[in-house]
């Protein structure tokens, strides 16, 4: 059984990384001056949280290799809702989600808001609980510095190779990052590119990030097919989601053109409903190999709520 290890990838933020490196050297020099050394612990925390993503945890092989013939492929995407700093019922919600993965016999799982604290790393816990291969990237926070971080993950019953990471958008807030984490998965149906995505809340930034994502996936995938799932934080009637649906196949709408697609409800304390929106998607980037969408649903964990978002499921079969 393989164990996870750390790998470094180029997340394509050269200007931001260079600025961060120069600023860190300058502050490091200043903190050596008499009277400023007491600020070193605070400076460590600030720079740790501001550090660009680029270090991934990778466990390439699942606990047991899947030897099934190529028939169907089940993909599940979910925002796990870290609920920082309260983290209400976090271990229970993780177990509930693990049961959902098992109940749906998911082959590939695309996750957002995967939290780490000194007491529990959700990515490592799920890998052990499900026996899956995986890769994880921190997005925001820093476990060592402030005791909390959250990020993206890709899990698979098949070997995971060639992890990919991209900072989305050009806006340079050093403390808030929006990422896409990808990987090549060696499925029973051949190699497949998959991506987990979490986009920003502000419309202008969200639009910019989605355009960046479409261009990057197109560049990486080329003529190969790819699955892109995640929390896009944009309603399907927004112009940039409509544009994306023209380029990529929206697996849910492909089978359910008129169904209620809500995946998230916004409620005021006291459970007053403020709004219902579809924020979570699984898209199929077309490639040389054609796929049929057999099933597409929004699902909830059987053992109780796993998140404030519904999970999104797509079951596919290759067209030979």
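Annotations for the structure displayed:
- Residue among 157, 204, 237 that is in the same structural domain as residue 277 (by TED's automatic domain parsing) and surrounded by 15 or more Cβ atoms within 10 Å (Cβ to Cβ): 157
- When residue 296 is tested against (1) buried (at least 17 other Cβ atoms within 10 Å of the Cβ); (2) without any contact (Cβ under 8 Å) to a residue 12 or more places away in the chain, just one condition goes unmet, and that condition is (2).
- Restricted to strands (runs of 3 or more DSSP E) entirely inside the stretch 232-320, those with at least 1 residues that are within 23 Å of residue 182 (Cα to Cα) are 280-285, 290-299, 311-319.
- Here is the figure for the stretch 202-231: residues that are assigned to a loop (DSSP other than H, G, I, E, B) and on the phi > 0 side of the Ramachandran plot total 1.
- Flag if residue 272 is assigned by TED's automatic domain parsing to the domain that holds residue 244 and without any contact (Cβ under 8 Å) to a residue 24 or more places away in the chain: yes
The values are calculated or read from the model by the stated rules, or taken from the named source; none is laboratory data. Just so we're clear, the structure is a prediction, and the values are computed from it rather than from any experiment. In this analysis, Cβ positions are derived from the backbone assuming ideal geometry, glycine residues included, and neighbour counts consider all displayed protein chains.
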